[in-house]
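Written below as structure tokens is the structure these notes are about.
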Amino acid sequence: MDYRTLGRTDLRVSLICLGTMTWGSQNSEAEAHAQLDYATAQGVNFIDTAEGYPVTPVAADTQFLTETYIGNWIERRGKRDDIILATKVSGPSRDPIRKFRGGDNRLDRRNILAAVDDSLRRLKTDYIDLYQVHWPDRPVPSFGGRGLMDITDGPQVVTVHETLDALGDLVKTGKVRHVGVSNETPWGVSEYLRLSRDQGLPRIASIQNAYSLLNRIFEIGLSEFALREDVGLLAYSPLAGGNLTGKYLGGVIPSGSRRDVAKQFVRYNLPNQAIASARYVAVAHAFGLDPAQMALAFVNSRPFVTSNIIGATSLDQLKVDIDSVNIHLTEDHLAAIEDIHRILPDPCP
């Protein structure tokens with residue numbers, strides 16, 4: 001396993017991060033614990049979750065199960081200091097099914113202070129290594145959006161300053177060691193860094209955004225922040241919701257797969273997705289590579305990536321994904337990938 005430094009902290013996180021958003025819906029607690037046991041045995045020390053998980057699918061009766069499963073595993077296993085645990089606070093509700101803190105969840109002080117205590121209780125720990133803001137509290141382009149038509153936020157939007165100030169209090173109390181953001185924009189990252197610099201508030205250590213062969217938008221603006229400011233990318237959806245494995249080619253949707261059970265994820269249901277996925281899968285086969293491992297190895301190879309968040313619903317998938325750290329793409333591999341990207345850039349932003 002390779003390890004990289006998380007931002008400007010003293011934490012060294014595994015290049016492969018174990019994602020958990022299927023635990024409690026597609027995966028049982030026993031399966032979640034088996035994944036944790038296997039991944040940590042392979043050197044994975046970084047686990048990412050959220051109070052909003054599971055989301056495959058979203059359901060009121062599974063809310064908070066993911067953190068609960070992890071907490072039970074930590075209690076059973078012990079050795080809390082051997083792992084680096086990341087979770088997230090939810091901003092404004094984006095679905096009508098689940099309600100956080102009475103349905104009035106924002107990224108204000110009241111919500112953040114309540115959310116972290118709830119996560120600590122479920123996770124059965126007294127500190128969180130990386131506490132992340134799951135979504136901005138302001139309107140931002142998301143899931144393929146191409147900019148803002150209106151920047152009139154309105155009085156209900158919580159400022160970045162209030163959010164970061166509340167996170168700073170958590171760092172002071174020791175409940176949180178470091179903070180990060182997710183689904184952020186270049187402006188948002190810049191504002192967090194400015195407030196940290198000008199007002200002595202905590203410095204964000206990472207940004208968790210989508211990044212894959214089908215979505216390389218991060219390279220356009222955020223990669224420079226990652227490299228120059230040491231706010232590395234925690235890449236989620238590196239297999240583009242499973243599309244880069246090739247299992248959905250020809251319109252096949254296997255029973256129990258992500259596209260079967262979580263139909264709210266339409267980010268990858270776009271016209272050029274199938275064409276681009278088929279071409280990337282063909283390149284992998286031409287070089288004798290597993291398509292999933294090639295796609296993950298590409299993400300692993302990017303200098304602005306701190307950790308690659310994989311998610312699996314079976315141990316077989318997990319083994320393939322973790323073994324991607326042993327795949328090193330050659331110039332020929334990368335040239336073939338770039339040939340496709342030039343013709344079909346970012347079909348699923």
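The values are calculated or read from the model by the stated rules, or taken from the named source; none is laboratory data. Please read all numbers here as calculations on a predicted model, not as lab measurements. Cβ coordinates were reconstructed from backbone atoms using ideal geometry, including for glycine residues, and neighbour counts include every protein chain displayed.
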When restricted to Gly91, Gly102, Gly144, the only residue modelled with pLDDT under 90, surrounded by 19 or more Cβ atoms within 10 Å (Cβ to Cβ) and either within 18 Å of the chain's Cα centre (by Cα) or not in a loop (DSSP other than H, G, I, E, B) (or both) is Gly91
Among Gln317, Gln273, the single one that is surrounded by 14 or more Cβ atoms within 10 Å (Cβ to Cβ) and either over 24 Å from Ser182 (Cβ atoms) or in contact with a Ser or Thr (Cβ under 9 Å, 6 or more places away or on another chain) (or both) is Gln317
Only one of Val189, Val179 is touching a Leu at 6+ places or on another chain (Cβ under 8 Å), over 21 Å from Asp117 (Cβ atoms) and not in a loop (DSSP other than H, G, I, E, B), namely Val189
For Ile337, the lone unmet condition from (1) farther than 28 Å from Arg4 by Cβ; (2) part of a helix (DSSP H, G or I) is (1)
With the first residue restricted to the stretch 198-214 and required to be on the phi < 0 side of the Ramachandran plot and aliphatic (A, V, I, L, M), and the second required to be surrounded by fewer than 24 Cβ atoms within 10 Å (Cβ to Cβ) and part of a strand (DSSP E or B), Cβ contacts under 6 Å at 6 or more apart or on different chains are Ala210/Tyr236
The correct count of residues that are more than 28 Å from Leu130 (Cβ to Cβ) and outside any helix (DSSP H, G or I) in the stretch 223-255 is 7
Filtering the stretch 315-339 for residues that are of a type in the set (Gly, Ala, Ser), touching a residue at least 24 places away in the same chain (Cβ under 8 Å) and over 14 Å from Ser14 (Cβ atoms) leaves a count of 1
When every residue in the stretch 190-224 that is among the β-branched types (Val, Ile, Thr) and buried (at least 21 other Cβ atoms within 10 Å of the Cβ) is compared, the one farthest from the chain's Cα centre (by Cα) is Ile204
Here the residues within the stretch 49-78 that are at pLDDT 95 or above, touching a Leu at 6+ places or on another chain (Cβ under 7 Å) and crowded, with 24+ Cβ neighbours inside 10 Å are Glu67, Ile70
Per the filter on the stretch 53-98, residues under 30 Å from Pro155 (Cβ atoms) and without any contact (Cβ under 8 Å) to a residue 12 or more places away in the chain are Pro96
